[in-house]
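Written below as structure tokens is the structure these notes are about.
The values are calculated or read from the model by the stated rules, or taken from the named source; none is laboratory data. The structure displayed is predicted, hence computed values, not measured ones. In this analysis, Cβ positions are derived from the backbone assuming ideal geometry, glycine residues included, and neighbour counts consider all displayed protein chains.
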Ligand code: PGA
């Protein structure tokens, strides 16, 4: 049985004070017997402080991006070591906002995935199709390409430290959610692809999160699907009560 993993992607929201408040509210509201694993991904400027607040709690810390080089003249970039030094265990890579707004290619994302894994930072590797790709029946082709290129050169052993987040781009921040059936169909496809590319055991243990307008009103049904193992939540993770309701529904 795979454990559900709920991650909150705060995106470019929350200054330091707001971050402290939000994480304190989440900690206060999270029951001791929460079944799901919880990850919060604040902006870089809040990581260190949020890490202090999360010490000796069950909530894990993640970053929203990183660069693959170890150090050097890469103005404004953040390395794996820097993230680990402020307590990050996870890093979101290949988010559609990075792909679309910042032109990140599959090749760049692959370098980041590899660099994270070498230093035992766990990627939440995001994939998903655009609306026009879904409408022209290309969803599975797009997903296959993103997995083939993004996970190129990754070993079966390393796959134990990767979470895949399926996020149809048309559902992100739009209020349109994939139906549980639409989402599960793609999740099953991803699992089968991973079984072929790596092994059935890797696929069986792989956490595949769904992301795209997940909210308390739809999370229970999405998370009850057989191949949906968690959620990557954007907008609804910015308020403690809605994030806590999503966690409780897992
Ligand atoms: P959303 O974002 O929940 O606001 O749609 C999800 C994401 O981008 O990870």
Condition met for residue 208 (buried (at least 23 other Cβ atoms within 10 Å of the Cβ), modelled with pLDDT of 95 or more, on the phi < 0 side of the Ramachandran plot and in contact with a helix residue (DSSP H, G or I) (Cβ under 9 Å, 6 or more places away or on another chain)): yes
Filter result for the condition that a residue is free of Cβ contacts under 8 Å to residues at least 12 places away in the same chain, surrounded by fewer than 20 Cβ atoms within 10 Å (Cβ to Cβ) and under 23 Å from residue 195 (Cβ atoms), over 132, 148, 77, 138: 138
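Tell me the helices (runs of 4 or more DSSP H) entirely within segment 39-151 that contain at least 3 residues that are within 14 Å of the ligand (Cβ to nearest atom) and under 14 Å from the mean Cα position of the chain (by Cα). Write out each step before concluding.
Details: elements: 44-54, 80-85, 96-101, 106-118, 131-135, 139-150.
In segment 39-151, the matching helices (runs of 4 or more DSSP H) lie at 96-101.
Among the residues of segment 178-197, write down those that are under 19 Å from residue 124 (Cα atoms) and either buried (at least 19 other Cβ atoms within 10 Å of the Cβ) or within 16 Å of the ligand (Cβ to nearest atom) (or both). Walk me through it before giving the result.
Start the filter on segment 178-197 by keeping residues that are under 19 Å from residue 124 (Cα atoms), which leaves 183-184, 186-195, 197.
Answer for segment 178-197, where residues must be under 19 Å from residue 124 (Cα atoms) and either buried (at least 19 other Cβ atoms within 10 Å of the Cβ) or within 16 Å of the ligand (Cβ to nearest atom) (or both): 183, 184, 186, 187, 190, 191, 194.
Go through segment 10-25 and give me each residue that's touching a helix residue (DSSP H, G or I) at 6+ places or on another chain (Cβ under 7 Å) and within 16 Å of the ligand (Cβ to nearest atom). I'd like the intermediate steps shown before the answer.
Our first condition is that a residue be touching a helix residue (DSSP H, G or I) at 6+ places or on another chain (Cβ under 7 Å); within segment 10-25, this holds for 10, 14, 16, 19-20, 22-25.
Those that are touching a helix residue (DSSP H, G or I) at 6+ places or on another chain (Cβ under 7 Å) and within 16 Å of the ligand (Cβ to nearest atom): 10, 14, 22.
Given the residues 230, 175, 235, 220, which is the only one that is near the ligand (Cβ under 9 Å from one of its atoms) and at pLDDT 95 or above? Steps first, please.
Numbers: 230 fails: near the ligand (Cβ under 9 Å from one of its atoms); 175 fails: at pLDDT 95 or above; 220 fails: near the ligand (Cβ under 9 Å from one of its atoms).
That would be 235, the only listed residue that is near the ligand (Cβ under 9 Å from one of its atoms) and at pLDDT 95 or above.
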Among (1) without any contact (Cβ under 8 Å) to a residue 60 or more places away in the chain; (2) within 15 Å of the ligand (Cβ to nearest atom); (3) over 28 Å from residue 114 (Cβ atoms); (4) out of contact with any helix residue (DSSP H, G or I) (no Cβ under 6 Å at 6 or more places or on another chain), the one test that residue 247 misses: (1)
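Those residues that are within 16 Å of the ligand (Cβ to nearest atom) and either over 21 Å from residue 202 (Cα atoms) or in a loop (DSSP other than H, G, I, E, B) (or both), I need them from segment 152-172; list them, please. Explain how you work it out, then say what you get.
Start the filter on segment 152-172 by keeping residues that are within 16 Å of the ligand (Cβ to nearest atom), which leaves 163-172.
Listed by number, the residues that qualify are 167, 168, 169, 170, 171, 172.
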